[in-house]
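See below for the structure under consideration.
Rule-based calculations on the coordinates, nothing more; no lab input. Everything numeric here is computed off the predicted structure, so don't read it as measured data. All Cβ positions, glycine included, derive from the backbone under ideal geometry; neighbour counts span all protein chains shown.
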Amino acid sequence: MSLSDKHIVDTYATLLEGLSTSNKIELIESLSKSLKQSKKSKEDKFFKSFGAFASKKSPRAIMADIKASRKFKSKRLKF
């Protein structure tokens, strides 16, 4: 373990000292599950997040809507 890794672990340990026993157990379970989760499933979740925005409008129409909704204020600066 590198010195920076040890520092990170020590910092988290200090932060977690205030947790109750049941919260610490839940945290351990959550960390254990994350270790068991395969890298492939993490990648699948990442790629499944793409395309989550569904619209029947064309990309150009969406861009036009965004540009039309912009509001600018003109303010004179006094020097």
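Using a/c under 1.5 as the rounded threshold, could you call the chain rounded, prolate or oblate? The axes a ≥ b ≥ c are square roots of the C-alpha gyration tensor eigenvalues, and prolate needs a/b larger than b/c, oblate otherwise.
oblate
So what is the 222 nm mean residue ellipticity for the chain from helices alone, if each DSSP H run of at least 4 adds -39500 (n - 2.57) and you divide by all residues, rounding to the nearest 500 deg cm²/dmol?
Per the formula, -20500 deg cm²/dmol.
Taking region 1-53, which chymotrypsin sites (Phe, Trp or Tyr not before Pro) meet the DSSP loop condition and have no more than 16 other C-beta atoms within 10 Å?
F50, F53
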